[in-house]
1. Is it true that some residue in the stretch 189-208 is assigned to a strand (DSSP E or B), touching an Asp or Glu at 6+ places or on another chain (Cβ under 6 Å) and surrounded by fewer than 13 Cβ atoms within 10 Å (Cβ to Cβ)?
2. Evaluate the stretch 202-209: report whether one residue or more is closer than 30 Å to residue 97 by Cβ, at pLDDT below 95 and under 23 Å from the mean Cα position of the chain (by Cα).
3. Checking the conditions here, which among 102, 84 is free of Cβ contacts under 8 Å to residues at least 24 places away in the same chain, in the same structural domain as residue 45 (by TED's automatic domain parsing) and farther than 21 Å from residue 183 by Cβ?
4. Take the residues in the stretch 77-132 that are among the acidic types (Asp, Glu) and under 22 Å from the mean Cα position of the chain (by Cα); name whichever of them is farthest from residue 148 (Cα to Cα).
5. When the residues of the stretch 1-39 are filtered to those that are in a strand (DSSP E or B) and modelled with pLDDT under 95, which remaining residue is surrounded by the fewest Cβ atoms within 10 Å (Cβ to Cβ)?
6. So in the stretch 116-130, with the set limited to residues that are surrounded by fewer than 19 Cβ atoms within 10 Å (Cβ to Cβ) and touching a Phe, Trp or Tyr at 6+ places or on another chain (Cβ under 9 Å), which one is farthest from residue 159 (Cα to Cα)?
7. Please name all residue pairs, on different chains or six or more residues apart, with Cβ atoms under 9 Å, provided the first residue is in the stretch 29-42 and is within 11 Å of residue 55 (Cβ to Cβ) and the second residue is of a type in the set (A, V, I, L, M) and outside any strand (DSSP E or B).
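The values are calculated or read from the model by the stated rules, or taken from the named source; none is laboratory data. All figures in this text were calculated on a predicted structure; none of them were measured in a lab. Don't worry about glycine lacking a Cβ; one is built from the backbone with ideal geometry, like all the others, and counts go over all protein chains shown.
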Amino acid sequence: MKKLIFGLVMTIFLPLAATAEDNTPKVSPTANYLDAENTWQETTSIDDGEAPLEVTFRANPQNMDGHDVAYVWHFRKQGEEGDFLVRYEEETTYRFTESGSFDITLKYQISDLGIEDSTTIVVAISESHLEMPNAFSPNDDGFNDIYGAKGVNDSNASGHYKSIVSFHGYIFNRWGQKLFEWTDVSKGWDGKYNGRDVKDGVYYVLVKAKGADGREYNIRKDINLLRGYTSESTGNSTTTTE
């Protein structure tokens, strides 16, 4: 009988204990950003960010009503001494334009409770990479319809562009006439000039770009425009690289 009563007491007590609210003041810092697929991410570390990358750092305070809280964000690049930036806000935004690993440390103080603590978020920005294909097929079949940096037609493609902070591309015909230019690495040429399709054949691309790691790109190469190639006739992508 005693065991039965004890078991009933524990059955009632455990759910109550599990649902008891924790009213302890605390912060849970996060990094918030749009990834390469344009999906909003909230995380405590960024392992393979691509510059330029704008990140909003949030303290996410909990149970702070009535308390005096001070926030200090310290931005430091790993391998270098000293902070390159200090911010005094609950939420702050920074745009990363260099490659490397960065420690973003939030130090907070709840003065009336005598609480001091800190949390570090690591942001790793990848080294740059840029390749330009030598062929495309702008025939509206959904494959390689746009000529641009490798990865423009397929963001998951192996070797797609990374951490390109400045970009300027030009398309010329064989007589040296400029047909198109663009400055957004995620965009490209649709194979038209003045709204009309250009003929199949060989064209030329010139690209000047710079990576977050300081690398400069000067690319000149031929482009084969091949509208006759479709996803049905080839079974795969027609864009190749040299």
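1. Yes, the stretch 189-208 contains a residue that is assigned to a strand (DSSP E or B), touching an Asp or Glu at 6+ places or on another chain (Cβ under 6 Å) and surrounded by fewer than 13 Cβ atoms within 10 Å (Cβ to Cβ).
2. Checked the stretch 202-209: no residue is closer than 30 Å to residue 97 by Cβ, at pLDDT below 95 and under 23 Å from the mean Cα position of the chain (by Cα).
3. After applying the criteria, what remains is 84.
4. 91
5. The qualifying residue surrounded by the fewest Cβ atoms within 10 Å (Cβ to Cβ) is 34.
6. Of all residues in the stretch 116-130, those surrounded by fewer than 19 Cβ atoms within 10 Å (Cβ to Cβ) come to 116-120, 122, 124, 126-127.
If we keep only those that are touching a Phe, Trp or Tyr at 6+ places or on another chain (Cβ under 9 Å) too, we end up with 116-119, 122, 124.
Values: 116: 45, 117: 41, 118: 38, 119: 34, 122: 24, 124: 18 Å.
Step by step, filter the stretch 116-130, then rank; the result is 116.
7. Pairs found: 30/59.
Rundown of residues vs (1) surrounded by 12 or more Cβ atoms within 10 Å (Cβ to Cβ); (2) assigned to a strand (DSSP E or B); (3) among the β-branched types (Val, Ile, Thr); (4) under 9 Å from the mean Cα position of the chain (by Cα), yes/no style:
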| residue | (1), (2), (3), (4) |
| --- | --- |
| 42 | no, yes, no, no |
| 48 | no, yes, no, yes |
| 51 | yes, no, no, yes |
| 56 | yes, yes, yes, no |
| 65 | no, no, no, no |
| 72 | yes, yes, yes, no |
| 75 | yes, yes, no, no |
